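Undergrad: Okay, here's the structure, questions in a sec.
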Amino acid sequence: MVRYADPGELEWVESGGGPLIAVPETVLPFWAGADSEELATDYDRACEVDGYAALLPVGDSAALVLGDEPASTSYLADHGTFVRWSAANSEEELLAAARAALATAAWESELRWHVPGPVVLFDSAWPGNGVDDTGHLRVPLEAGTYGVRAAYAQPEPETWIGLVQLRLLTP
């Protein structure tokens, strides 16, 4: 896994330039990334996402695309939140600001995401069956329907953070 800050509290996933995506483990083989014979690849679909978060169909499920910018991203399990490192002087500074920003962020409209179980966060250019060869993060979500909301916050002059929070609505 890619570690942005070493030693750090969290594992960080980075992108080669496109969006990151969280795909349910059960449908990973259906995500082709940029490797496709189709005119519009799965990666192209992910790049077309407008906003901080969106859902894309994958197999009989959906994947969560973390849009806007290819920021290093990790998951704060205690807050059910993907945190995106846009600007901060240290991981410690970023995490303190992120936890504070959760209470004051201006959230976009909430999405509903049905998740069959754990998801894997990785660069959307990679095929799902190749994630073991890349920087990725397994997020052990419980099966159920989640409310997903996203925001971008600047809690300090030099600290900018993307937040994508998951809230279990029904198991």
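Undergrad: Would you please give the residues with an amide H less than 5 Å from that of residue 32, counting only those at least 5 places away or on a separate chain, with H modeled from the backbone geometry?
TA: 42, 128
Undergrad: Still on this model: Using θ = phi - 60° and the Karplus curve 6.51 cos²θ - 1.76 cosθ + 1.60, what whole-Hz ³J(HN,Hα) does each residue of the range 72-78 get, with Gly and Pro shown as x?
TA: 4, 9, 9, 10, 8, 4, 5
Undergrad: Please give the residues of the range 17-38, grouped as numeric ranges, whose backbone N is less than 18 Å from a label point set 7 Å along the Cα-to-Cβ vector of residue 69.
TA: So the set is 17-21.
Undergrad: Helix 91-101 versus the longest principal axis of the chain: what angle, 0 to 90°, nearest 10, using Cα atoms?
TA: For 91-101 against the chain, the angle is about 90 degrees.
Undergrad: Gain in length, residue 11 to residue 89, computed as 0.36 nm per residue apart minus the alpha-carbon separation, to one decimal in nm?
TA: 26.4 nm
Undergrad: A further question follows. Where does the Debye-calculated log10 I(q)/I(0) of the range 1-79 sit at q = 0.10, 0.12, 0.26 Å⁻¹, using only Cα point scatterers of equal weight, no solvent?
TA: Taking Cα atoms of the range 1-79 as identical point scatterers yields -0.26, -0.38, -1.32.
Undergrad: Please work out how much length the chain gains when fully extended from residue 138 to residue 109, using 0.36 nm per residue of separation minus the C-alpha to C-alpha distance, in nm with one decimal.
TA: Between residue 138 and residue 109, full extension yields 7.9 nm more.
Undergrad: A further question follows. Listed highest first by mean packing, meaning other Cβ atoms within 10 Å per residue, what order do 14-21, 34-41 come in?
TA: My ranking of the peptides, most packed first, is 14-21, 34-41.
Quick note: the coordinates plus some simple rules give every number you see, no bench work behind them. Note that this is a predicted model, so its numbers are computed, not measured. Every residue, glycine as well, gets a Cβ built from its backbone with ideal geometry; the counts of neighbours run over all protein chains shown.
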